[in-house]
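Asker: Starting off with a structure, shown below.
The values are calculated or read from the model by the stated rules, or taken from the named source; none is laboratory data. Source: prediction; values computed, not measured. A quick note on method: Cβ atoms are made from the backbone with ideal geometry, for glycine too, and the neighbour counts reach across all protein chains shown. Protein only, heavy atoms only, side chains kept; ligands, DNA and RNA dropped before computing areas. Shrake-Rupley method; radii C 1.70, N 1.55, O 1.52, S 1.80 Å.
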Amino acid sequence: MQDWLPRQKEIFRFIEDKLRDVLCSYGYQEIGLPVIESTHLFSRLVGESTDIVEKEMYTFDDRNGESLTLRPEGTAGTVRLAQENGLTFNQVQRLWYAGPMFRYERPQKGRYRQFEQIGAECFGMPGPDIDVELMFMTKRMWEVLEISADLRLELNSLGTAESRAEYRIALQEYLSGVKHELDEDSLKRLESNPLRILDSKVEKTKDLLQGAPHLSEFLDADSIQHFDQLRRILDKQQLSYSVNPHIVRGLDYYNKTVFEWVTDSLGAQGTVCGGGRYDGLVEQIGGKSTPGVGFAIGLDRLALMLEPEFESSKQADVYIAAVGDNARVTALALAEDIRDLQLTTLQVKIRVVVNCGEGKFKSQLKKADSSGASLALILGDDEVANGQVTIKHLRESGEQKLINSEELGTYLAEYYSRIEPRHRTAGMTEE
Ligand code: HAM
């Protein structure tokens, strides 16, 4: 589990703001999910024999002896929320959520035990049009983050639970025949979850899989038609993709369409977004049969992609330096005046930082410089006595200027009307 320093947090905030705007523009509505749910919810919906449930959940008993789990993903919670609150009853829903997820995995670059997801889940639409909408929406997200060149879309169809069960037997039979050549992990999965062997990164196992039966040969007619239609729409809309028969996803609830957005720029943890249909899930927790489809994006992985090019914003625009007891008090009041002014006269958002604590002007101006501020306002005993303030431009050459305090608003308004609007600032969107 990681600490996030200001720069990393700013990157996350930047990504979240951009993705939230895209979700809003498609009419998706935000929901909030509890971080802790009943363990039973995940074991039932995500699947007993998945890696997540078998070995990755943070599970504990509460004071009542009830088994609870830190959510490893958001789909199960969303299905529960939708079902318990009647959202799936004869209605169409487009929902989204964001927040931390927890999995006890072996940490490495791009894989953490606490990580952030933004996910979208839709109910009541059998597709494939809504499947395509999700692909368009995610593509747009990569465009606004300017990383679309590094990402590609991969699709597969998993058919129904029944077709998968038949395929599972065929795959198991085939792999049992070459059992002695399988790697250790795949051998373990042979009985419990043979489909996950398709995901193997071990070269030898990948070679063996070349001769394995394909899930596509076992698909039911409805799933084949769904997948054909989906591909036809994507082709017509010129959204590029490739079909990857090895995408099985690590969660049991999927049927028909599954998809992933993948990059080569992150090494082994290259999937930044994964999703698909889960038409049986609402019924599985006691609701009326309702189609569902969604995806989740790993924000930590997007942050790794953006990190090298990301320009951190500076801490301050205006830095107030003050020496002397009176001046230090006046500095705080002056900063409040400027913050008031930015709503009225200035019409721009500026960050004002006051030098708190002692220190000579020289050291305070050094701090002003490293804060990134373009203006320093200087207050000493003389300025305070005369109701004045000294202005020093930190990024342009020129003399310092002494002005009357009541003229400061006009001065700043004139100054900010001639410089570029602020860009990319955590918590402050572009003007
Ligand atoms: P998932 O594939 O398990 O799917 O996770 C989605 C994304 O979360 C991954 O593609 C990855 O970017 C990120 N992620 C997963 N585990 C980690 C980790 N340990 N560290 C960092 N990032 C990670 C789901 O969670 C499904 N609920 C997606 C979904 C929604 N399907 C339908 N609706």
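Asker: Is it the case that segment 145-153 has a residue that's modelled with pLDDT under 95 and not charged (D, E, K, R)?
Answerer: So the first thing to find is which residues in segment 145-153 are modelled with pLDDT under 95, and the list is none.
No, every residue in segment 145-153 fails to be modelled with pLDDT under 95 and not charged (D, E, K, R).
Asker: Sticking with this one: Can you tell me which of (1) under 21 Å from His214 (Cβ atoms); (2) free of Cβ contacts under 8 Å to residues at least 60 places away in the same chain is the one Lys188 doesn't meet?
Answerer: The failed condition is (1).
Asker: Can I ask one more? Criterion first (under 30 Å from Lys9 (Cα atoms) and touching a residue at least 60 places away in the same chain (Cβ under 8 Å)) does Pro128 satisfy it? Spell out the reasoning first.
Answerer: Details: under 30 Å from Lys9 (Cα atoms): no; touching a residue at least 60 places away in the same chain (Cβ under 8 Å): yes.
Considered against the rule, which asks whether it is under 30 Å from Lys9 (Cα atoms) and touching a residue at least 60 places away in the same chain (Cβ under 8 Å), Pro128 comes out as no.
Asker: Go through segment 224-261 residue by residue and tally those that are farther than 24 Å from Leu45 by Cβ and open to solvent by 20 Å² or more (accessible area, probe 1.4 Å).
Answerer: Result for segment 224-261: 17.
Asker: Restricting attention to segment 140-167, report how many residues are open to solvent by 80 Å² or more (accessible area, probe 1.4 Å), assigned to a helix (DSSP H, G or I) and in contact (Cβ under 8 Å) with a residue 12 or more places away in the chain.
Answerer: Initially, segment 140-167 is screened for residues open to solvent by 80 Å² or more (accessible area, probe 1.4 Å), giving 140, 143, 146, 149-150, 152, 162, 166.
Filter once more, keeping what is assigned to a helix (DSSP H, G or I): 140, 143, 149-150, 162, 166.
Subsequent filtering for residues that are in contact (Cβ under 8 Å) with a residue 12 or more places away in the chain retains 140, 150, 162, 166.
Number satisfying all stated conditions: 4.
Asker: Continuing with the same structure: Among all residue pairs at least 6 apart or on different chains, which show Cβ distances below 6 Å where the first residue, located in segment 1-21, is over 22 Å from Ile147 (Cα atoms) and the second is assigned to a helix (DSSP H, G or I) and at pLDDT 95 or above?
Answerer: Nothing qualifies.
Asker: Right, here's the next one. Is there a residue being of a type in the set (D, E, K, R) and either surrounded by 19 or more Cβ atoms within 10 Å (Cβ to Cβ) or assigned by TED's automatic domain parsing to the domain that holds Leu266 (or both) anywhere in segment 335-346?
Answerer: no
Asker: Please specify each residue of segment 110-137 satisfying the condition of being under 23 Å from Glu16 (Cβ atoms) and away from the ligand (no atom under 11 Å from the Cβ).
Answerer: Glu133, Met135, Phe136, Met137
Asker: Has segment 184-197 got any residue that is outside the structural domain of Lys139 (by TED's automatic domain parsing), within 16 Å of the ligand (Cβ to nearest atom) and not polar (S, T, N, Q)? Break it down into steps so the answer makes sense when it comes.
Answerer: Kept after step one, since they are outside the structural domain of Lys139 (by TED's automatic domain parsing), are these residues of segment 184-197: 184-197.
Keeping just the survivors that are within 16 Å of the ligand (Cβ to nearest atom) gives 193, 195-196.
Filter again for not polar (S, T, N, Q), leaving 195-196.
Yes, because at least one residue in segment 184-197 is outside the structural domain of Lys139 (by TED's automatic domain parsing), within 16 Å of the ligand (Cβ to nearest atom) and not polar (S, T, N, Q).
Asker: For segment 278-291, which residues satisfy the criterion of being more than 8 Å from the ligand (Cβ to nearest atom) and touching a residue at least 40 places away in the same chain (Cβ under 8 Å)?
Answerer: Correct list: Asp279, Gly280, Leu281, Val282, Gln284, Ile285, Gly286, Gly287, Lys288, Thr290, Pro291.
Asker: What residue, among those in segment 77-122 that are open to solvent by less than 30 Å² (accessible area, probe 1.4 Å) and among the polar types (S, T, N, Q), is farthest from the chain's Cα centre (by Cα)?
Answerer: This residue is Thr88.
Asker: Here is a follow-up. Tell me the residue from Leu251, Leu332, Leu302 that is over 24 Å from Ser192 (Cα atoms) and within 14 Å of the ligand (Cβ to nearest atom), please. Show your work before the answer.
Answerer: Numbers: Leu251 fails: over 24 Å from Ser192 (Cα atoms); Leu332 fails: within 14 Å of the ligand (Cβ to nearest atom).
Residue meeting the stated conditions: Leu302.
Asker: Let me ask another. At pLDDT below 95 and either within 24 Å of Leu151 (Cβ to Cβ) or of a type outside the set (Val, Ile, Thr) (or both), is that true of Gly99?
Answerer: no
Asker: A further question on this structure: Scan segment 50-78 and report the pairs whose first residue is touching a residue at least 60 places away in the same chain (Cβ under 8 Å) and of a type outside the set (Phe, Trp, Tyr) and whose second residue is within 12 Å of the ligand (Cβ to nearest atom) and open to solvent by 50 Å² or more (accessible area, probe 1.4 Å), with Cβ atoms within less than 6 Å and a gap of 6+ or a chain change.
Answerer: Going by the 6 Å Cβ cut-off, the qualifying pairs are Thr50/Asp252.
Asker: A follow-up question, please. Among (1) closer than 22 Å to Cys273 by Cβ; (2) in contact (Cβ under 8 Å) with a residue 40 or more places away in the chain; (3) not aromatic (Phe, Trp, Tyr), there is one condition Pro107 misses while meeting the rest; what is its number?
Answerer: (2)
Asker: Let me ask you something else. Only one of Thr39, Thr59 is over 12 Å from Arg103 (Cα atoms), surrounded by 13 or more Cβ atoms within 10 Å (Cβ to Cβ) and away from the ligand (no atom under 16 Å from the Cβ); which?
Answerer: Values: Thr59 fails: over 12 Å from Arg103 (Cα atoms).
After ruling out the rest, the residue left standing is Thr39.
Asker: Can you tell which of Ala368, Ala413 is open to solvent by less than 40 Å² (accessible area, probe 1.4 Å), closer than 20 Å to Ser313 by Cβ and either in a helix (DSSP H, G or I) or touching a His at 6+ places or on another chain (Cβ under 7 Å) (or both)?
Answerer: On the way: Ala413 fails: closer than 20 Å to Ser313 by Cβ.
Going through Ala368, Ala413 in turn, just one is open to solvent by less than 40 Å² (accessible area, probe 1.4 Å), closer than 20 Å to Ser313 by Cβ and either in a helix (DSSP H, G or I) or touching a His at 6+ places or on another chain (Cβ under 7 Å) (or both): Ala368.
Asker: For segment 256-277, how many residues are within 11 Å of the ligand (Cβ to nearest atom) and either outside any loop (DSSP other than H, G, I, E, B) or of a type outside the set (S, T, N, Q) (or both)? Walk me through how you get there before you give the answer.
Answerer: Step one: list which residues in segment 256-277 are within 11 Å of the ligand (Cβ to nearest atom), which gives 257-263, 266, 269-277.
Filter once more, keeping what is either outside any loop (DSSP other than H, G, I, E, B) or of a type outside the set (S, T, N, Q) (or both): 257-262, 266, 270-277.
Residues that pass the stated criteria total 15.
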